[in-house]
Amino acid sequence: MPSPRVFALLVTALFLMSPLAVRAQQPATHVGEEAVYEIAAQLRCVVCQNLSVADSPSEMAQQMRAMIRERLATGDTPEQVVQYFVERYGDWILLAPKRQGFTLLVWVLPPLGLLAGLGVLAVLLRTWTRRGAARRAEAPPVDTATRERIRREMEGS
């Protein structure tokens, strides 16, 4: 058993250090559902792979939303929360792939394909309209017997 003097020093030290321990813990902040939804909408549900965590009714999605809420309450930024899930599941967890490296093709190819399709359509429309105009401009050839019959009908009228 320590002496009363040592015991008093320990109690005093413990008493003086308790505010430091309270101050060291970050207070839990209230997290709004909108903040949780914004982050959850960026993440793919691991059960319903075609839905976001925000829209999925699965138990796993509920747990992931609770994890998002908990991490935001402890002071993590939205980017840190997303990074937490990327570290656990890989880039696959992101509904919108990062715009770098190979996944940049996912962002670049659709607009390029759309522009190429519009270009092909414009060329085809121009070709079709020119062909139609050329056909209308040409008079069909008339044989001599038909010409003679038309002339006789015109004179007879």
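Structure notes:
- Taking other C-beta atoms within 10 Å as the exposure proxy, ASP91, ASP55, ASP76 rank ASP91, ASP55, ASP76 from fewest upward.
- Simple label model, 7 Å out from Cα along Cβ direction - VAL120 to SER3, nm: 9.5
- Here the peptides 77-83, 97-103 are ranked by packing, the mean other Cβ count within 10 Å, and the order with the highest first is 77-83, 97-103.
- Extension gain, ASP143 back to TRP92 (0.36 nm per residue minus Cα-Cα distance, nm): 11.0 nm
- Summary value for the stretch 45-91: 23 percent relative contact order, contacts being C-alpha pairs under 8 angstrom separated by 6+ residues.
- Take the Cα of GLN100, step 7 Å toward its Cβ, do the same at GLU59, and the gap between the two points is 3.7 nm.
- Simple spin-label estimate for ARG130 and MET154 in nanometres, 7 Å along Cα-Cβ: 3.4
Every number in this text was worked out from the coordinates using simple rules, so none of it is lab data. Please read all numbers here as calculations on a predicted model, not as lab measurements. Reconstructed Cβ throughout: ideal geometry from the backbone, glycine too, with neighbour counts over all protein chains shown.
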